[in-house]
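Each remark here refers to the structure printed beneath this line.
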Amino acid sequence: MVTDSLGNPVTLQDAGSLGAVNDFVEGVIACEARAVNVLRISDADGSAMVQASCAALHMFAESRAAPANARPFLDRALADSAISTDMTARERRFVASIAAWVDGDIPQAAQLHEEQAREYPRDLVSVKLGQYHRFNLGDSAGMLRLALAALPGAGDVPYLHGMAAFAWEQCHLLDQAEAAARQGIAMCRKEPWAHHALAHVMLTTGRFTEGQAFMNDISDSWTGLNSFMVTHNWWHQALFGLELGQHDDVLRLYDQNVWGVAKDYSQDQANAISLLSRLELCGVDVGKRWQDVADYLLVRVDDHVLPFLDLHYLYGLARAGRPQADALMRSLCGFAADAARAGGVWGRVWDNVCLPAARGLLAHVNGDYGAAAQALGAALPHLADIGGSHAQRDWFEQIYLDSLMRSNQWGAAQQTVQQRLRGQPESTRLRRHGAKIYAALGLPVSVASLS
């Protein structure tokens, strides 16, 4: 039996498949596009690990069609598992975790990945997938458990420190996050997930100038990455620019680096939608850019894969004035009602969190700012349940603040903005909002230390 590049035994029908398997393993943990190379050997090697890896890649599409596209590969993986006498327990659990994902049982998939991390800590693809599921469930502690379970056995792999760093950051343990990110980068300068985690830390702690300089300096290493990783790191760079008031530079980043790599991919679409909206919230005219994004959202009306994504699709379609926004809202209402009746971990999220947030977003686009503030205000305390990072969910809070200001709810707006401003004094965006709010309240700007 051969072993992959991390030392995990792999049962293959063709030993020549190992190179493609390693491309998958290393590509997933390093966020590199070469992970898809395993698809090229799917016809020649029917082994369970090859087929399960291909199924996982299809599921990463995060589309309504993804499970059906993954199913043939999963069926072949399960068939090989049933007859193979050589497969290891690690491989069998990995196949079972992918099966749970394809079947829509995300909590079960996450649990299997957590078991794998404890028993086979060098299966870092499993750790990465487990963190992906915990992230989408809003379970930051679960993300950290996975990384900590693997560290004693795989601490020599730089990419694991990036995984740990992001988990620490999502748990608001910022000192640990920064230390882990810097350790991963010291071990391998091209560690884009660690770059991403460190950008989160610097954004949260208000170190915008430092963060911008860091991302600019390290960006030459963002080669050969998958579309999400490269566009998302540039998205983070754009957030620093927004806070520093560099609007022309952010528009350039949007056009050249954030939108256009894989316009049909869910995460690239979410990056584009939130960045365009944030620019508009800063008073920037984004021209016809909404129309280009909306063209790629028309197929998303009935997706309902992740609530975080649906909310972005809804806003993008509505902001472009497309009637499909109303169709998506109707579809979402029906889907949420069905999910609530079915119960389980997702039922409450779709019905009690996603729907109010969706109504708030539509109200904001339609200029009903009082209703937007009310609906978003109800959803915000529970918004972590829809998934996404703190930085990504801050978009909803920015729309909420804009809704408060536009509906003259100045007291609530002051409470919202001042908490942020204390920790982010570099933010020209927050200072501008603060000045307007304090003027409306008849208070001197000096009381807020906005200068």
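Of note:
- Exactly one residue out of Leu57, Leu18 is in contact with a strand residue (DSSP E or B) (Cβ under 6 Å, 6 or more places away or on another chain) and assigned to a helix (DSSP H, G or I): that is Leu18.
- Whichever residue in region 363-377 is of a type outside the set (D, E, K, R), out of contact with any helix residue (DSSP H, G or I) (no Cβ under 6 Å at 6 or more places or on another chain) and farther than 26 Å from His236 by Cα and, among such residues, is surrounded by the fewest Cβ atoms within 10 Å (Cβ to Cβ): Gly367
Let's see how each residue does on (1) within 12 Å of Asp310 (Cα to Cα); (2) in a loop (DSSP other than H, G, I, E, B); (3) open to solvent by 60 Å² or more (accessible area, probe 1.4 Å):
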{"residue": "Ala339", "(1), (2), (3)": "no, no, no"}
{"residue": "Arg348", "(1), (2), (3)": "no, no, yes"}
{"residue": "Asp351", "(1), (2), (3)": "no, no, no"}
{"residue": "Leu361", "(1), (2), (3)": "yes, no, no"}
{"residue": "Ala379", "(1), (2), (3)": "no, no, no"}
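- Filtering region 60-88 to residues that are of a type outside the set (A, V, I, L, M, F, W, C) and within 30 Å of Ala270 (Cβ to Cβ) leaves Glu62, Ser63, Arg64, Pro67, Asn69, Arg71, Pro72.
- Pairs where the first residue, in region 63-84, is in contact (Cβ under 8 Å) with a residue 24 or more places away in the chain and over 17 Å from Gly104 (Cα atoms) and the second is part of a loop (DSSP other than H, G, I, E, B) and hydroxyl-bearing (Ser, Thr, Tyr), C-beta under 6 Å, 6+ apart: Asp80/Ser47
- All helices (runs of 4 or more DSSP H) inside region 382-442 with 1 or more residues being of a type in the set (Phe, Trp, Tyr), open to solvent by less than 40 Å² (accessible area, probe 1.4 Å) and over 27 Å from Asn366 (Cβ atoms): 428-440
- All positions within region 248-300 that are among the polar types (S, T, N, Q) and more than 27 Å from Arg64 (Cβ to Cβ): Gln256, Asn257
- Members of region 422-451 found to be hydrophobic (A, V, I, L, M, F, W, C), modelled with pLDDT of 90 or more and touching a Leu at 6+ places or on another chain (Cβ under 8 Å), listed by number: Leu430, Ala435
- For region 126-138, a residue qualifies if it is without any contact (Cβ under 8 Å) to a residue 12 or more places away in the chain and crowded, with 24+ Cβ neighbours inside 10 Å, but none of them does.
- Of residues in region 71-121 being polar (S, T, N, Q), modelled with pLDDT of 95 or more and more than 24 Å from Val349 (Cβ to Cβ), the one surrounded by the most Cβ atoms within 10 Å (Cβ to Cβ): Gln116
- Of all residues in region 2-47 being hydroxyl-bearing (Ser, Thr, Tyr) and over 20 Å from Gly224 (Cβ atoms), the one that is most open to solvent (accessible area, probe 1.4 Å): Thr3
- Single unsatisfied condition, Met202 versus (1) closer than 19 Å to Gly162 by Cα; (2) hydrophobic (A, V, I, L, M, F, W, C); (3) in contact with a His (Cβ under 7 Å, 6 or more places away or on another chain): (3)
- Among residues that are touching a residue at least 40 places away in the same chain (Cβ under 8 Å) and crowded, with 24+ Cβ neighbours inside 10 Å, Val50 is not included.
- Against the list (1) closer than 15 Å to Ala391 by Cα; (2) over 21 Å from the mean Cα position of the chain (by Cα); (3) not small (Gly, Ala, Ser), the condition Glu210 fails is (1).
The values are calculated or read from the model by the stated rules, or taken from the named source; none is laboratory data. This one's a predicted model, so the numbers in the text were calculated from it and none came from an experiment. All Cβ positions, glycine included, derive from the backbone under ideal geometry; neighbour counts span all protein chains shown. For the accessible areas, the whole protein counts, side chains as well, though only heavy atoms, and no ligand, DNA or RNA atoms are used. Shrake-Rupley method; radii C 1.70, N 1.55, O 1.52, S 1.80 Å.
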